[in-house]
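Working notes for the structure below.
The values are calculated or read from the model by the stated rules, or taken from the named source; none is laboratory data. Please read these numbers as outputs of a predicted model, since none were measured by experiment. Positions of Cβ are generated from backbone atoms using ideal geometry, with glycine treated the same way; all protein chains shown enter the neighbour counts.
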Amino acid sequence: MTALPTERPSAPRGRRRHARLAAAPHADVSHAPHAGSFAEAGVPAPLVAALAAAGIDTPFPIQAATLPDALAGRDILGRGQTGSGKTLGFCIPLAARLADGYTSACRPRGLVLVPTRELASQVCSVLAPLADAVGLSVAAIYGGVPQRPQVAKLRERADIVVACPGRLADLIEQGHCQLGDVEVSVLDEADHMADLGFLPVVRRLLDLTPPDGQRMLFSATLDAAVDVLARRFMNRPARHDVGLVEAPPAMIHRLLTVAPADRVGVVKALAGGSGRSLVFTRTKHAARRLARQLATSGIAAADLHGDLGQGARERNLAAFASGAVRVIVATDVAARGIHVDGIDLVIHADPPAEHKAYLHRSGRTARAGAAGTVITLQTQAQAGDVRDLMRKAGVVPETAEVTPGSPLLRSIAGEPAAPVTVTAVRPEVIVAAPATGRGAAAMSAGFRGRRR
């Protein structure tokens with residue numbers, strides 16, 4: 001990628017005037033009392049009302065812990081397991097702290113960096129109702145779609161930008177966006193950005209923001225790569241650790257040993273139940289092929305991976321959220337970008353490469369205290385690697401050897417759903433006709449029901 005242009009940050013606008021320490025600053029474990037309500041945390045009344053209108057009255061632990069410090073303008077280093085409510089934890093202070101102020105064209109005052117397009121869309125859906133409640137606007141910036149509408153949104157004075165690093169860097173290089181007025185920056189899923197190699201461009205983007213602005217970094221794990229960012233860009237952040245980095249107790253974990261030739265048949269047996277399932281594969285080709293195999297077997301399935309255009313990805317996710325399809329077969333692009341209520345079963349058709357991926361994939365179920373089941377399929381040849389992965393993830397699974405006809409699979413999947421007729425809508429999208437019965441729950445508008 002071409003180097004980003006050098007931009008001189010604008011003068012501080014009433015924010016803290018401390019300089020970032022040249023030496024690595026250390027985080028302070030915050031001892032601020034946890035808020036029992038949003039109002040007690042200092043959330044402004046319009047935002048409390050917007051939350052209440054969506055049925056969100058009590059903060060989750062990560063929100064109760066971080067909101068008092070975040071609303072006071074402190075840098076935040078927050079860790080909480082997936083599904084714990086981190087998104088609202090930074091969206092609320094973003095909206096609150098930027099409510100009073102003027103935004104110039106192409107110069108946002110709030111910035112959220114995320115690793116995937118899906119996560120950018122999800123964050124926007126949570127943030128938009130809050131921003132609207134205090135008169136702010138939000139723009140989503142990510143690749144895979146034409147940039148012209150995004151540029152137009154920036155020129156209309158978007159107060160907050162939620163962006164994937166690559167597309168945002170491109171727009172800055174083209175002169176469509178400047179970060180010199182950013183007052184609050186957020187890095188979401190920072191550990192995932194490190195895994196995907198985004199750190200160099202993330203550093204260049206943060207270097208373009210004023211050094212005295214507030215910065216919040218939220219992640220499920222805080223590893224060495226994330227620590228480098230914290231030391232470079234944060235000033236004595238308040239550190240909040242909410243929950244151990246391990247699988248939520250509401251998850252049931254099963255490790256099933258299969259013969260290589262039985263893997264697809266076992267997946268069909270598990271995904272053929274009446275619940276909603278998310279299946280992970282290692283490669284895009286495997287995801288596309290397995291989704292087609294499920295669909296042609298009468299299981300309402302769709303695929304999700306990097307080879308799909310953004311429109312196809314959004315259509316397939318919407319079909320999954322609405323219940324039009326009950327199964328999504330995905331690569332790790334969905335490990336942190338899917339936030340759909342009511343995923344009953346996560347199936348690792350291919351075991352992930354490392355334990356963090358296992359935890360984030362698995363975290364698509366059992367969200368916000370709900371129950372869920374996680375199935376990992378392994379062959380005998382993979383047993384050693386999977387055993388190490390489970391140990392690092394802190395998981396002790398129930399184990400069994402199965403074939404496609406094993407009664408255990410029926411007990412896990414539940415009663416089979418009625419078969420459906422497959423229809424091809426577009427060449428790149430696998431869609432099956434809606435199943436009857438279960439699966440009618442739709443993703444609510446805005447952040448309703450998504451207490452993230």
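Of note:
- Top-ranked residue of the range 309-357 - restricted to ones that are within 18 Å of the chain's Cα centre (by Cα) and small (Gly, Ala, Ser), ranked as modelled with the lowest pLDDT: Gly337
- Count of residues meeting criterion [hydrophobic (A, V, I, L, M, F, W, C) and surrounded by fewer than 23 Cβ atoms within 10 Å (Cβ to Cβ)] in the range 65-95: 2
- Any chance Val182 is in contact with a strand residue (DSSP E or B) (Cβ under 7 Å, 6 or more places away or on another chain) and outside any loop (DSSP other than H, G, I, E, B): no
- Verdict on Gly73 being more than 12 Å from His240 (Cα to Cα) and not in a helix (DSSP H, G or I): yes
- Some residue of the range 296-306 being touching a Phe, Trp or Tyr at 6+ places or on another chain (Cβ under 8 Å), at pLDDT 90 or above and under 19 Å from Gly414 (Cβ atoms): no
- Condition check for Asp100: charged (D, E, K, R) and either within 24 Å of Ala318 (Cβ to Cβ) or out of contact with any helix residue (DSSP H, G or I) (no Cβ under 8 Å at 6 or more places or on another chain) (or both): yes
- Among (1) surrounded by 20 or more Cβ atoms within 10 Å (Cβ to Cβ); (2) closer than 30 Å to Gly405 by Cα; (3) aliphatic (A, V, I, L, M), the one test that Ile252 misses: (1)
- Unmet requirement for Cys177, which otherwise passes all of (1) over 27 Å from His360 (Cα atoms); (2) in contact with a Ser or Thr (Cβ under 8 Å, 6 or more places away or on another chain); (3) buried (at least 22 other Cβ atoms within 10 Å of the Cβ); (4) not small (Gly, Ala, Ser): (2)
- Tally of residues being within 18 Å of Ala324 (Cβ to Cβ), more than 27 Å from the chain's Cα centre (by Cα) and either among the aliphatic types (A, V, I, L, M) or modelled with pLDDT of 95 or more (or both) across the range 384-442: 8
- Within the range 90-119, tally of residues that are under 20 Å from Asp69 (Cα atoms) and assigned to a loop (DSSP other than H, G, I, E, B): 3
- Check on Val138, without any contact (Cβ under 8 Å) to a residue 40 or more places away in the chain, buried (at least 19 other Cβ atoms within 10 Å of the Cβ) and in the same structural domain as Asp75 (by TED's automatic domain parsing): yes
- Against the test of being in contact with an Asp or Glu (Cβ under 8 Å, 6 or more places away or on another chain) and farther than 18 Å from Ala230 by Cα, the options Leu171, Leu179 yield a single qualifying residue, Leu179.
- Checking each residue of the range 11-21 against the condition of being surrounded by fewer than 21 Cβ atoms within 10 Å (Cβ to Cβ), aliphatic (A, V, I, L, M) and either within 22 Å of Leu222 (Cα to Cα) or at pLDDT 90 or above (or both) gives at least one match.
- Only one entry of Pro93, Pro115, Pro68 meets the criterion of being assigned by TED's automatic domain parsing to the domain that holds Val201 and within 17 Å of Ala128 (Cβ to Cβ), and that entry is Pro93.
- The listed residues are Arg215, Arg167, Arg204, and the only one of them that is among the charged types (D, E, K, R), closer than 24 Å to Leu77 by Cα and touching a Phe, Trp or Tyr at 6+ places or on another chain (Cβ under 8 Å) turns out to be Arg215.
Results for (1) of a type in the set (Ser, Thr, Tyr); (2) buried (at least 19 other Cβ atoms within 10 Å of the Cβ), shown as yes or no for each residue.
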{"site": "Lys153", "(1), (2)": "no, no"}
{"site": "Arg157", "(1), (2)": "no, no"}
{"site": "Arg167", "(1), (2)": "no, yes"}
{"site": "Asp181", "(1), (2)": "no, yes"}
{"site": "Arg204", "(1), (2)": "no, no"}
{"site": "Pro211", "(1), (2)": "no, no"}
{"site": "Met216", "(1), (2)": "no, yes"}
{"site": "Ser219", "(1), (2)": "yes, yes"}
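- Cross-chain or 6+ apart pairs with Cβ under 6 Å, the range 377-394 first and among the basic types (Lys, Arg), then modelled with pLDDT under 95: Lys392/His355
- Taking first residues from the range 402-416 that are at negative phi and partners that are in a helix (DSSP H, G or I) and of a type in the set (Asp, Glu), the Cβ contacts under 6 Å between residues at least 6 apart in sequence or on separate chains come to Thr403/Asp262; Pro404/Asp262.
- Matching residues in the range 123-157 - criterion: being within 13 Å of Cys106 (Cα to Cα), hydrophobic (A, V, I, L, M, F, W, C) and part of a helix (DSSP H, G or I): Val151, Ala152, Leu154
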